[in-house]
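The values are calculated or read from the model by the stated rules, or taken from the named source; none is laboratory data. Given the structure is predicted, the values throughout are model-derived calculations rather than measurements. Cβ: placed from backbone, ideal geometry, glycine included. Neighbour counts: every protein chain shown.
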Amino acid sequence: MKQNIFFDLEVYQSIINDSNFYIFIINFDDNRILYQNRTTEKFFGNQINKKFKDFSNFIFLNNDFNNLMEDLKLFIDYRGKPKSPIQGELLDKNSNKSYYFNLFSIINKTNKYKVLQFVDFTSYQEKINEYEKEIFIYKKILEEIQLGLWLYDSDGNYKIFNSYLDNIMKFKDGNWSVSEDEIKVAYDNNQEVLKKKQSTIKYEEYTLNDGKKHLFKIIRKRIYHNNKVLGVLGIGNDITEIKGYEEKLKYFKGLNEIISELSTNLINGKISNIDEFIIDGLKEIGKYTDIDRICFYNVDLELNKINLNLILNLNSNNKDYQELKFEHIQRWIDRFTNNYFIIINDISQIPITYNLEKMELEKREIKTILAFPLISNNELFGFISFENTQQVRFWDNDTIFSFRIITEIIAGALAKKTYENKLLEAINNAEEANRTKSEFLANMSHEIRTPMNAILGFSEILQETITSGVQKQYLDTIINSSRNLMKLINDILDLSKIEAGRIDISPEPVNLKRVFYEIEKIFEIKIKDKQLDFIIEVDENLDKYWLFDETRIRQILFNVVGNAIKFTDKGYIKIISHLEIEPNTNKKNIILCVEDSGIGIAEEHQKRIFESFYQVSSKSGKKYEGTGLGLAITMKLIKAMNGEIMLESKTNEGTKFTIKFKDVASAEISIRKQEENYKTISKEFKFNGERFLVVDDIDNNRELIKIYLEEHNAIVLEASSGKDAIKLASFYRPSAILLDIRMPEMSGFEVLNILRQEERTFDIPVIALTAVSSAFQEKHLYRNFNGVLTKPVRKDELLNKLIDILKLS
Ligand code: ADP
């Protein structure tokens, strides 16, 4: 069954007893307490039957308690009905707490009561105070903040407009400083946000009461309260000053960029470009800083002279510009020598004592001038002036500082230029001297070689005729020494030629394997004498023709292999060669190693043996012959052939030279004729003392042919140039001439022409020695020759040709 709580007395009692309210029920007539609820009892103790005023120290803030309690009219109206409750504030003087009270009467048929109800008010009051404080703070913030704040409500009225805005936008007379147009802008922008949801950030200019336009960054935001649009909250920040700083910053950033570009150019650029960089840099700086003219003066402190070196008229066209007189600006020079600068903001203000200076500057129409010294090594050598001719100008310290840096950079660069030019001159002189020396050596060696050839040649002829033992011994010594001298001269000539830059590299198809075997052949006797193993290992990838300067390759190998044999007493000499293909570029490099098991080279000598005339003195005291030039020549040749040489060696274990020729091209077509079927000539074959003249400017080429022929009892004359060849030919009338085609000064063709015209030589058979030949060429190009041999000349081929021509078989 549904319970009706209104009939449940306990519910009422409990509500009254445990309510937050203090409740007293008071006897209507004598004011004694009839009932107090539990809350009251807890706080005031049992007060039944007592009068309220007897136990409490309460006062009613608006009225006297006694009167209030006793004045029955306050409780009952004229009809005897209870009046509406009285409310007010009650203060407990003991605890200084205030309460909110409610006093009313209950009158029924039988009884009348007064009811006093009150509740602790202090905590509420504190909250209210707190709240007021907060509001106060917000108000204060609004007043003090240096930002414009306003609330523009949905009806289009400014609800909040903070004091900051008032202060900057209102004159004393109450008028606004902003213009109609500016108000319109503010209106439009507020309305825009009011209508749309988004916030905006805008930059707007307003005229303030200082009479100037200020730039504001304004944020507008629509705000809500209880889901209703309250209006637009605006926050405006005056950024006029920041903007000024930003612009200044931007300006200096630009200036610094020009300065750093100028200094990078001056540091990294070529000395020859320094003047150009300085002019360009100054022009740019002048334009950037609005300077009308920049002048560059040299100062000679000894002669007391100033020279105008350069004028850059950027915004002035005063062409009739005379020299500044030293004595007129003496005070400037004094300042400059102490590393101070000159600044004259307004020429017209120059005091009368410096009238001459003033007149000079006025002649140049200068209004403002800034000038900085150019100092190097503590010595003033000039100054740069920055001039304004259009109007007077006031320079700020930062810009002055920048100009100062610029002039210092320029002074540094000019000093560097002078210094480097001197250095360059010294280097050039030294190089020139070196070249002249090499040139001289080359010429001398060449000149010495001609008489040496004669000495050797005649000595060799004498050898055939002299039979007396002692004389023959003397002659042998002469010939031996002459050969050594000849080798030395040839080496010097070679080195000098390379140093004087007179070496050409002429690539031709070369079969490396063949060259290696020929080298072995040249050293055959020495190898046998020393009982060395000579090993040649050639990668089969190399088994074709490569474009190389064969003569130079041979010269290189001759030196390196020659050394290996010379410095190895037992064991082996190895020539190993292989192809290396660079993975990324596909370039072909040829690696060539010459290894020996000889005495080795101690580490401290390894770098130096490539120097001219450097030889390691052996500890054992054993003397090795040589000049110390071989490796110097070898290294230079290798470099000229786009190669490099490396060395590994250990004393008493051996030495390995690795030579790398980079990016070598292969000669795809085999130009050389197929292996001809020449007869093998037996070792027993002997010439009958026939004399042959071998003409080639490269010693090793002649040497090889000479060895081949001498083995078979021939006498070999050598000429290293066309001129020598003609002389020797007409003198000796050899049985045949082997003539190299490509020679400096006079080619084989020219030599042949002359030989054919001379009475004593026209009928001597001449065989051409050439790098490349084809059947076609032999028929046409070499038709006037008696035969053609392709280099490298093979022994059988050579002998066959000579036997054939001389009709010896
Ligand atoms: P040269 O052989 O005429 O003395 P080089 O320039 O060819 O001149 O060599 C310079 C020096 O390097 C030699 O004197 C020798 O001391 C050292 N050297 C060169 N090659 C070798 C080698 N394979 N083993 C030991 N020492 C060597």
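Checked against (1) in contact (Cβ under 8 Å) with a residue 40 or more places away in the chain; (2) of a type in the set (A, V, I, L, M, F, W, C); (3) more than 11 Å from the ligand (Cβ to nearest atom), I581 passes all but condition (1). Please indicate, with yes or no, whether at least one residue in the range 354-368 is out of contact with any Leu (no Cβ under 9 Å at 6 or more places or on another chain), surrounded by 12 or more Cβ atoms within 10 Å (Cβ to Cβ) and among the β-branched types (V, I, T). The answer is yes, given that some residue of the range 354-368 is out of contact with any Leu (no Cβ under 9 Å at 6 or more places or on another chain), surrounded by 12 or more Cβ atoms within 10 Å (Cβ to Cβ) and among the β-branched types (V, I, T). With respect to being within 8 Å of the ligand (Cβ to nearest atom), without any contact (Cβ under 8 Å) to a residue 40 or more places away in the chain and farther than 23 Å from I698 by Cβ, Y614 fits the description. Being out of contact with any Phe, Trp or Tyr (no Cβ under 9 Å at 6 or more places or on another chain), free of Cβ contacts under 8 Å to residues at least 24 places away in the same chain and in a loop (DSSP other than H, G, I, E, B) is a property that K139 lacks. Of the residues G621, G630, the single one that is modelled with pLDDT under 95 and within 9 Å of the ligand (Cβ to nearest atom) is G630. Just one residue in the set F75, F101 is touching an Asp or Glu at 6+ places or on another chain (Cβ under 8 Å), under 17 Å from I26 (Cα atoms), surrounded by 13 or more Cβ atoms within 10 Å (Cβ to Cβ) and hydrophobic (A, V, I, L, M, F, W, C); that residue is F101. If the condition is being more than 14 Å from K497 (Cβ to Cβ) and surrounded by 14 or more Cβ atoms within 10 Å (Cβ to Cβ), then the range 429-449 contributes only I448.
For the range 369-378, the count of residues that are in contact (Cβ under 8 Å) with a residue 24 or more places away in the chain, loosely packed, with under 13 Cβ neighbours inside 10 Å and part of a helix (DSSP H, G or I) is zero. All conditions in (1) surrounded by 12 or more Cβ atoms within 10 Å (Cβ to Cβ); (2) without any contact (Cβ under 8 Å) to a residue 60 or more places away in the chain hold for K212, with the sole exception of (1). In this structure, R552 does satisfy being away from the ligand (no atom under 14 Å from the Cβ), in contact (Cβ under 8 Å) with a residue 24 or more places away in the chain and under 42 Å from the mean Cα position of the chain (by Cα). Inspect all residues belonging to the range 49-62 and state whether any of them is aliphatic (A, V, I, L, M), within 23 Å of D120 (Cβ to Cβ) and over 60 Å from the mean Cα position of the chain (by Cα). There is at least one residue in the range 49-62 that is aliphatic (A, V, I, L, M), within 23 Å of D120 (Cβ to Cβ) and over 60 Å from the mean Cα position of the chain (by Cα).
Counting residues in the range 635-653 that are modelled with pLDDT of 90 or more, under 22 Å from L557 (Cβ atoms) and within 8 Å of the ligand (Cβ to nearest atom) gives one or more. In summary, Y545 fulfils each of the numbered conditions (1) buried (at least 18 other Cβ atoms within 10 Å of the Cβ); (2) within 12 Å of the ligand (Cβ to nearest atom); (3) of a type in the set (F, W, Y) with the single exception of condition (2). Checking each residue in the range 142-169 for being in a helix (DSSP H, G or I) and touching an Asp or Glu at 6+ places or on another chain (Cβ under 6 Å) picks out only S163.
With respect to (1) touching a residue at least 60 places away in the same chain (Cβ under 8 Å); (2) within 13 Å of the ligand (Cβ to nearest atom), the lone exception for G600 is condition (1). Among the residues examined, L557 qualifies as under 19 Å from V664 (Cα atoms) and within 16 Å of the ligand (Cβ to nearest atom).
For the range 598-648, taking the residues that are more than 47 Å from the chain's Cα centre (by Cα) and on the phi > 0 side of the Ramachandran plot, the one that is surrounded by the most Cβ atoms within 10 Å (Cβ to Cβ) is identified as G626. Residues that are in a helix (DSSP H, G or I), crowded, with 21+ Cβ neighbours inside 10 Å, in contact with a Ser or Thr (Cβ under 8 Å, 6 or more places away or on another chain) and free of Cβ contacts under 8 Å to residues at least 40 places away in the same chain do occur in the range 739-758. Annotation for the range 127-149: at least one member residue is farther than 30 Å from D166 by Cβ and more than 60 Å from the chain's Cα centre (by Cα). The residues of the range 90-123 that are in contact (Cβ under 8 Å) with a residue 24 or more places away in the chain, hydroxyl-bearing (S, T, Y) and not in a strand (DSSP E or B) amount to a single one, T122. So is L142 under 30 Å from Q87 (Cβ atoms) and either at pLDDT 90 or above or touching a strand residue (DSSP E or B) at 6+ places or on another chain (Cβ under 8 Å) (or both) or not? So L142 does not fit the description; no.
The number of residues in the range 33-89 being assigned to a loop (DSSP other than H, G, I, E, B) and in contact (Cβ under 8 Å) with a residue 24 or more places away in the chain comes to 8. Scanning the range 654-670 for residues that are at pLDDT 85 or above and either more than 8 Å from the ligand (Cβ to nearest atom) or aromatic (F, W, Y) (or both) yields a total of 10.
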